[in-house]
Every structure is written in structure tokens, then in C-alpha cells.
Amino acid sequence: MNNYQMNDIVEMKKQHACGTNAFQIIRLGADIRIKCTNCGRSIMMPRPEFNKKIKKIISSADES
């Protein structure tokens, strides 16, 4: 699943400590930074790890 882009809202397999599993992509590159849509905390992870942990794209930036 590599069809994500900046500002997409994605659902991850595991939820964040605040209780939500929806995150916004705020940086793309070799590392990907995602921001929790509930509490605003950001997490940075390598792209291969992100590709394993992503479940689906909730809303795309193209649709908005």
C-alpha cells in the first residue's frame, strides 16, 4: 500500500495511547511523520515500518 500522500488520514493497526487509531500524514520521505488526530502528538517512523503498520486510508487529500 504505497498510494498515500501528504495530509491523508490513515488508520493504523494499533491505536495510539489516547485511544484513536486515525493519524494524519504530515511528512513523507525515507521517514514518515504522522500526527494523531485526537491529541496532536506526532510519531516518526521509517517507511518500511509504516507500510507494515498501516491498515487503510480513511480520507485522501485529493478528495477534499
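The values are calculated or read from the model by the stated rules, or taken from the named source; none is laboratory data. Values in this document were obtained by computation on a predicted structure and should not be read as measured data. So basically every Cβ, Gly included, is an ideal-geometry build from the backbone, and we count neighbours across all protein chains shown. With ligands, DNA and RNA removed, areas are computed over all heavy atoms of the protein, side chains included. Shrake-Rupley method; radii C 1.70, N 1.55, O 1.52, S 1.80 Å.
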_Residue count for the stretch 1-46, restricted to those that are of a type in the set (A, V, I, L, M, F, W, C), in contact with a Ser or Thr (Cβ under 7 Å, 6 or more places away or on another chain) and free of Cβ contacts under 8 Å to residues at least 24 places away in the same chain_ = 3
*In the stretch 1-48, what residues are open to solvent by 70 Å² or more (accessible area, probe 1.4 Å), farther than 19 Å from SER60 by Cβ and in contact with an Asp or Glu (Cβ under 9 Å, 6 or more places away or on another chain)?*
MET44
*Do the conditions hold for ILE58, that is, is it surrounded by 14 or more Cβ atoms within 10 Å (Cβ to Cβ) and touching a helix residue (DSSP H, G or I) at 6+ places or on another chain (Cβ under 6 Å)?*
no
